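Participant: Sharing a structure with you now.
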Amino acid sequence: MSFFLTQTLTGLASASSLFLVAAGLTVIFGVTRVVNFAHGSLCMLGAFIGWSILTRLPRDPAWFALGVLATAAATALIGAALEIGLLRRIYRAPELFQLLATFGVVLVLADATLWLWGPNDLPLPRPPWLRQFVMIAGSRFPLFDLVLIAIGPLVLGGLLLVFHRTRWGVLVRAATQDRDMVAALGVDQRLLFTSVFALGAGLAGLGGVLALPAGSANLQIDLAVITEAFVIVVVGGLGSIGGAYLAAVLIGVLQAFGVVVLPGATLVLVFVVMAVVLVVRPYGLLGRDRGQSRTDAEAVILQRPAGPWQITAAGIGLALFLAAPLLVGPFGMAIATEMLVAMLFAASLHVMMGPGGMPSFGHAAWFGIGAYGAALLAQNLATPMPLALAGAPILAGLAAFAVGAFIVRLSGVYLAMLTLAFAQIVWAVAVQFVGLTGGDNGVLGVWPADPRGFYYVALALCVGGVLVLRRIMFSPFGFALRAGRDAPARAAASGIDMTAHRLAAFTLSGAAAGLAGAIFTYSKGSAFPTYISVSHSVDALIMVLLGGIGSLAGPIIGAIAYTGLFDLLLASDFWRARLGAVIIALVLFFPAGLAGWAERRR
Amino acid sequence: MTLSRRTLLTATAGFTGLAAPAISRAQTAAIRIGEINSYTAVPSFTLPYRNGWTLAVEQINASGGVLGRKLEVLSRDDAGKPQDAIRLAGELIGDQKVDLLAGSYLSNVGLAISDFALQNKTLFVGGEPLTDALVWQKGHRYCYRLRASTYMQARMLIDDAAKFGAKRWVTVSPNYEYGQSLVKWFKILLAQRQPGVEFVAELWPALGNIDAGATVAALEQAKPDAIFNGTFGPDLTKFVRAGNTRGLFEGRKVVSVLTGEPEYLEPLGDEAPAGWLVTGYPVDSVTDAANLGFIAAYKARFNELPKLGSVVGHAMIAGIAAGIAKTGSVETEAMADGFGGAKFATPFGPVTWRALDHQATFGAFIGRTALKNGRGTMVDWRYIDGADALPSDEEVKKLRPA
Amino acid sequence: MTVLAVTGLQKRFGGVRAVDDVTFSIVAGEILALIGPNGAGKSTCFNLINGQIAPDHGTIHLHGRDITGLAPRQIARLGVGRSFQIAAGFASMTVRQNLQTAFAAHHRQSWRFWHDAMGAHIAEAEALLARVGLVAQADRAAGVLAYGDLKRLDLAIALAGAPGLLLMDEPGAGMALAERGALMRLVQKLAREDGMAVLFTEHDMAAVFAIADRVVVLNRGKILASGDPASVRADPLVQARYLGAGR
């Protein structure tokens, strides 16, 4: 019984930490609809700035509180600067495009933090009062955890007061419901957004600095925090602060007991919970269906088949790829192969996101199933390469069909988050079923018999795969799919079965990604859990958004540009900052993506 | 803050200079080592490690190089992804024409490069990756490894752990291959040494995301006599803090792998635990000439104390130089055989590349943690040679593929 | 010949009877207007027939077949076309492709993965474009059309299904007066020429009395009056409750 009590309290303490970070994210999300990938980075900055401030202050509670508030204020300022300098310029860009910008910010901030504070973990020395404990049910319970347990509801109450009792709060809530209406009221929307972003960033910083007494400021915080914060926001319901707290409590307490009851499941528990909640309550615990935002419609542009200009460019590109073995060395060949795989991977995501209207944060799941499918077929059943390459997309397609059956009814960020949850579950299976998958050591030794000849296999399959996808997108099926995305009720009234079309597109997209994964496995001779990681899913998203979501040329150009950039910059110091800076520049100058920009030049 | 930035810039300067591709090379040109590591993913290890190998290269070249040729290191960042490491390995071999590959920190990256080396018949000298598979289950003639593996780390601690006489054990270790392998070996080896020992709870926090309070409470709940810990880095800091406040470690024996390494001990600050049995590197109290010489040279060059990563980087280059010198050429097949049996000096003392399984006999220090002047340190330490922490040759032969 | 027969239709939302015991029918070629004040139950009635919501009581028969409770898509398949109060086209396609897509759906070809969608149903699409007066707009993106053109496109998409029954929810809403008249005349022409039955709601009484063959007046979910336009207009009850006694 006493264990039950202390473990519940421990869960509530971590719930408060989770809530602080998630609250900022949900406020930003709800009002500006920006999927802020940099939120974890702001939290990390909070930890480092907090360390720098608190180690210079007297070590008593009053000064500590002051230092914490100063840190929150500092990150709020950084958040405001980010909003004014970057995000404000791209609110009119297609949905999720801001995500690309914030991803660039993640990269820049990661290197900036490394440069400013160095590579070492920076622990905040704990003064005696932070080490104190109280006896609860016969066990020692950290005093600071009790403080945290109180801070969560206090911040929640404070936010609710601000949002319901101040004019600013009422306007923000109105903006959450309907941006355009608030604009029509004559409120300076820009100021509103900047202040919301600053508030969110300040909360992230608060979360970062309040985590310091339990650990250290370190360079892994950004990525460790961001996925969990997303999960809480989505489980709680987009833009719902109360929902975020509820979700934080649910997940915090579940995790506290999970470490005891299911110690081996620490990697998946959170995502299984998220999947279950979203399947039962698609809009989260306290969320409601907000429908499509009005700005989405503006993002829809006419999709045209390739003109002579594009066909020429594609022809030149294909000729270059065909001649690559004569033109470049092994490194160039490796990059060329990666570009080809990335093209098919990005094109498959484009089918889902573009014509299908189903954004995905977990597309690497299908890539990984294809990669592992081929690798395991080859290794355990001695399947010859052609059969393994054929089997992989079938496996990935079947998996996509099974998962899609549950989730294609959802839309927007909720659907994207469910794909993420599923991808994390696949990832955890790859990591934890060591007997089958080799765990994080991966499946090794899956090389093609003739590596040089394999390049042409990859070329044929990737280009062929993209052409097949293209053909299907210009078939009656593809048009019906797009009709369902453009005007769902109109399409249904014309007798189009939207759900079935979306499911078919989901399956097709999964199968194509699976083929890309299988080709990748043979080109690298191995399959690893990193193929299924969140960052690989993000890579695909970046490629599609970078190229432009309006046409199939987008993901292809995006794949070439991103892979090329990444591979070229990886050899340099501070490559993350450079890559991030390039992405931010591209976002600012090509808000419709590279292909979208070329399209408008025509 | 200033210190680390300067270190970084120095390393940058050295790195850019080295990375410039050679236009033409004669037989007297430098021996090129293609080095790949997870620089951006784990900077707390890799930056001291880069200093270590930079120093070794400078020292060797100052004394005339190897076979009359200078050493040149071409360094690449794999960002922690095995797939990128494989591409970079291809670039280093194919475009830069390096003579051999070296490096890596994460086990899966090490295995990926090793598999690539086997496929392309190139020598790979792994520095840090701890997985047993690198030289055993997935071992092959083109792969050598420096660091003591998870088996060896567990084995080094087992005598002292068995002396505790503790009956009820709990384990906590990160939920991936390194952590699983450590716990597996520790359990097997301890049960052999001390029949009747009980493991009453196993906790597997996610790497980099430990729920420290809940983990500590769960361990406490199992009422153990002793704790075996495999967490490190930020997770370890959180674990130790939560354990200190909640009194988990009071009156209990703790065996903790890697905790004595400066990388992981320093961040614990004045909360560093006392009396834990750990593997590590007592950089502030070693007295032998080899270590002191290395530390002095390192301090002179980088103006800071070396970390364990620095030793690994330095010894890796020394081992490569010795292997090439013994072989007398940089031809891959010759090196694959020639490295076997090569002896080299490291800050930790003499080390041999075993011909049997291509594992180096590079050992580790084991000792107790203590708190001195508000900082963690290692006391009562002794160096255990890697050769003494390996299974019999027959067992090893069974583990390696034919 | 009766196309649509609605019998004893009832739908409650909470305690409110949005549609209460409504019965009417339409024959081929007939244009029936459903009118009434806001909240009278017109839209609910429409959504019940369209299949978007299911009734609590009552039946809906199409060509003698019971379609009560079928999904919108299935009802569409049985030859019920519909245009929307807020017109919607497929914004990422040209006007012609909108119709090609609609024709493909009508011919049950939307599961063809390998045919060239843009090479099919060209002639049909051109003919329909000519009928609704959108030939000049054929190659423009639906997403950039003026609202009046979008209304006509919405109607054309509905017509591509060769409906035996056309449902129009406030076809004139948001259109200029002249455009509205042209659209209503077009619908009238189609009903006369093709024998299509038309059920529409409309606030613009001039349009209603100009083209409707019959008018059903709803008030608080119940039928207040029905009959030919002239007699409905003259009905004192309708005058008092809806059209306004002062006029």
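Participant: Any residue in the stretch C:125-153 that is assigned by TED's automatic domain parsing to the domain that holds C:Asp169 sitting within a Cβ distance under 6 Å of a residue that is modelled with pLDDT of 95 or more? List the pairs, counting only those 6 or more apart or interchain.
Facilitator: No pair meets every condition.
Participant: Right, here's the next one. Specify which of the listed residues (A:Gly242, A:Gly258, A:Gly317) is at pLDDT 85 or above, surrounded by fewer than 17 Cβ atoms within 10 Å (Cβ to Cβ) and assigned by TED's automatic domain parsing to the domain that holds A:Phe29. Break it down stepwise before answering.
Facilitator: Details: A:Gly258 fails: surrounded by fewer than 17 Cβ atoms within 10 Å (Cβ to Cβ); A:Gly317 fails: assigned by TED's automatic domain parsing to the domain that holds A:Phe29.
None of the other options fit; the residue is A:Gly242.
Participant: Still on this model: Would you be able to say whether some residue in the stretch B:23-34 is in contact with a strand residue (DSSP E or B) (Cβ under 9 Å, 6 or more places away or on another chain) and within 14 Å of chain A (Cβ to nearest Cβ)? Full working, then the answer.
Facilitator: Taking the stretch B:23-34 and keeping what is in contact with a strand residue (DSSP E or B) (Cβ under 9 Å, 6 or more places away or on another chain), we get B:25, B:27-34.
Still in the running and within 14 Å of chain A (Cβ to nearest Cβ): B:34.
So far as the stretch B:23-34 goes, yes, one or more of its residues are in contact with a strand residue (DSSP E or B) (Cβ under 9 Å, 6 or more places away or on another chain) and within 14 Å of chain A (Cβ to nearest Cβ).
Participant: Among the residues of the stretch B:94-128, write down those that are buried (at least 24 other Cβ atoms within 10 Å of the Cβ) and at the interface with another protein chain (Cβ under 10 Å from one of its Cβ atoms).
Facilitator: Passing the criteria: B:Leu106, B:Ser107, B:Asn108, B:Val109, B:Gly110, B:Leu111, B:Ala112, B:Ser114, B:Asp115, B:Phe116.
Participant: Do you know which residues across the stretch A:388-421 are of a type outside the set (A, V, I, L, M), in contact with a helix residue (DSSP H, G or I) (Cβ under 8 Å, 6 or more places away or on another chain) and at pLDDT below 90? Before the answer, list the steps.
Facilitator: Applying the first criterion (of a type outside the set (A, V, I, L, M)) to the stretch A:388-421 yields A:391, A:393, A:397, A:401, A:404, A:406, A:409, A:411-412, A:414, A:419.
Filter once more, keeping what is in contact with a helix residue (DSSP H, G or I) (Cβ under 8 Å, 6 or more places away or on another chain): A:391, A:393, A:397, A:401, A:404, A:406, A:409, A:414, A:419.
Within the stretch A:388-421, A:Phe406, A:Arg409, A:Tyr414 qualify.
Participant: Another question, if that's okay. Considering the stretch A:239-255 alone, what residues qualify as being out of contact with any Asp or Glu (no Cβ under 6 Å at 6 or more places or on another chain) and over 18 Å from A:Gly157 (Cα atoms)?
Facilitator: At the first step, the residues of the stretch A:239-255 found to be out of contact with any Asp or Glu (no Cβ under 6 Å at 6 or more places or on another chain) are A:239-254.
Residues satisfying the conditions are A:Leu250, A:Ile251, A:Gly252, A:Val253, A:Leu254.
Participant: Residues that are out of contact with any strand residue (DSSP E or B) (no Cβ under 9 Å at 6 or more places or on another chain), surrounded by fewer than 24 Cβ atoms within 10 Å (Cβ to Cβ) and either within 14 Å of chain A (Cβ to nearest Cβ) or under 25 Å from B:Asp235 (Cβ atoms) (or both): does the stretch B:51-62 have at least one?
Facilitator: Taking the stretch B:51-62 and keeping what is out of contact with any strand residue (DSSP E or B) (no Cβ under 9 Å at 6 or more places or on another chain), we get B:51-52, B:55, B:58-59, B:62.
Next cut, surrounded by fewer than 24 Cβ atoms within 10 Å (Cβ to Cβ) only: B:55, B:58-59, B:62.
Okay, now just the ones that are also either within 14 Å of chain A (Cβ to nearest Cβ) or under 25 Å from B:Asp235 (Cβ atoms) (or both), so none.
Among the residues of the stretch B:51-62, not one is out of contact with any strand residue (DSSP E or B) (no Cβ under 9 Å at 6 or more places or on another chain), surrounded by fewer than 24 Cβ atoms within 10 Å (Cβ to Cβ) and either within 14 Å of chain A (Cβ to nearest Cβ) or under 25 Å from B:Asp235 (Cβ atoms) (or both), which makes the answer no.
Participant: If the requirement is being within 13 Å of another protein chain (Cβ to nearest Cβ), in contact with a Leu (Cβ under 8 Å, 6 or more places away or on another chain), within 28 Å of A:Ala421 (Cα to Cα) and polar (S, T, N, Q), which of these qualifies: A:Ser526, A:Ser537? First the steps, then the outcome.
Facilitator: On the way: A:Ser537 fails: within 13 Å of another protein chain (Cβ to nearest Cβ).
Just a single option satisfies the conditions, and that option is A:Ser526.
Participant: Go through (1) surrounded by fewer than 21 Cβ atoms within 10 Å (Cβ to Cβ); (2) touching a residue at least 12 places away in the same chain (Cβ under 8 Å) and name the single condition B:Lys307 misses.
Facilitator: (1)
Participant: While we're looking at this one, here's another question. Only one of (1) surrounded by fewer than 16 Cβ atoms within 10 Å (Cβ to Cβ); (2) in contact (Cβ under 8 Å) with a residue 60 or more places away in the chain; (3) of a type outside the set (A, V, I, L, M, F, W, C) fails for A:Gly158. Which number is that?
Facilitator: In the conditions (1) surrounded by fewer than 16 Cβ atoms within 10 Å (Cβ to Cβ); (2) in contact (Cβ under 8 Å) with a residue 60 or more places away in the chain; (3) of a type outside the set (A, V, I, L, M, F, W, C), A:Gly158 misses (2) alone.
Participant: For A:Ile472, which of the numbered conditions (1) of a type in the set (Val, Ile, Thr); (2) more than 30 Å from B:Ser181 (Cα to Cα); (3) more than 7 Å from every other protein chain (Cβ to nearest Cβ) fails to hold?
Facilitator: Every condition holds for A:Ile472 apart from (3).
Participant: Another one. If the requirement is being modelled with pLDDT of 95 or more, in contact with a Phe, Trp or Tyr (Cβ under 7 Å, 6 or more places away or on another chain) and outside the structural domain of A:Ala592 (by TED's automatic domain parsing), which of these qualifies: A:Ala47, A:Ala80, A:Ala72? Outline the logic, then answer.
Facilitator: Numbers: A:Ala47 fails: in contact with a Phe, Trp or Tyr (Cβ under 7 Å, 6 or more places away or on another chain); A:Ala72 fails: in contact with a Phe, Trp or Tyr (Cβ under 7 Å, 6 or more places away or on another chain).
Answer to the selection: A:Ala80.
Participant: Which of the residues belonging to the stretch B:306-332 are touching a helix residue (DSSP H, G or I) at 6+ places or on another chain (Cβ under 8 Å) and of a type in the set (S, T, N, Q)?
Facilitator: Result: B:Ser310, B:Thr327, B:Ser329.
Participant: Among the numbered criteria (1) surrounded by 15 or more Cβ atoms within 10 Å (Cβ to Cβ); (2) at pLDDT 90 or above; (3) farther than 14 Å from C:Leu218 by Cβ; (4) not aromatic (Phe, Trp, Tyr), which one does C:Arg65 miss?
Facilitator: The single condition C:Arg65 does not satisfy is (1).
Participant: Please determine whether any residue of the stretch A:110-126 is of a type in the set (Gly, Ala, Ser), touching a Lys or Arg at 6+ places or on another chain (Cβ under 7 Å) and under 24 Å from A:Arg576 (Cβ atoms). If you could, list the steps in order and put the result at the bottom.
Facilitator: The initial filter retains those residues of the stretch A:110-126 that are of a type in the set (Gly, Ala, Ser), namely A:110, A:112, A:118.
From what is left, the residues that are touching a Lys or Arg at 6+ places or on another chain (Cβ under 7 Å) are A:110, A:118.
So of that shortlist, the ones also under 24 Å from A:Arg576 (Cβ atoms) come out as A:110, A:118.
Looking through the stretch A:110-126, at least one residue is of a type in the set (Gly, Ala, Ser), touching a Lys or Arg at 6+ places or on another chain (Cβ under 7 Å) and under 24 Å from A:Arg576 (Cβ atoms).
Participant: Next up: Among the residues of the stretch A:493-515, which ones are within 11 Å of chain C (Cβ to nearest Cβ), surrounded by fewer than 24 Cβ atoms within 10 Å (Cβ to Cβ) and in a helix (DSSP H, G or I)?
Facilitator: Once the filter is applied, which keeps residues that are within 11 Å of chain C (Cβ to nearest Cβ), surrounded by fewer than 24 Cβ atoms within 10 Å (Cβ to Cβ) and in a helix (DSSP H, G or I), the stretch A:493-515 yields A:Met498, A:Thr499, A:Ala500, A:Ala504.
Participant: Any residue at all in the stretch C:61-76 that is in contact (Cβ under 8 Å) with a residue 60 or more places away in the chain, in contact with a Lys or Arg (Cβ under 7 Å, 6 or more places away or on another chain) and not assigned by TED's automatic domain parsing to the domain that holds C:Asp154?
Facilitator: no
Participant: Now, a different point. Scan the stretch C:1-44 for residues that are in a helix (DSSP H, G or I) and under 21 Å from C:Ile211 (Cα atoms) and jot them down. Full working, then the answer.
Facilitator: To start, the set of residues in the stretch C:1-44 that are in a helix (DSSP H, G or I) comprises C:42-44.
Within the stretch C:1-44, C:Lys42, C:Ser43 meet the criteria.
Participant: Could you pull out every one of the helices (runs of 4 or more DSSP H) wholly within the stretch C:111-198 that has 1 or more residues that are within 11 Å of another protein chain (Cβ to nearest Cβ)?
Facilitator: Numbers: elements: C:122-132, C:147-160, C:177-194.
So the answer is C:147-160.
The values are calculated or read from the model by the stated rules, or taken from the named source; none is laboratory data. Everything numeric here is computed off the predicted structure, so don't read it as measured data. Cβ sites come from the backbone with ideal geometry, for glycine too, and all protein chains shown count toward neighbours.
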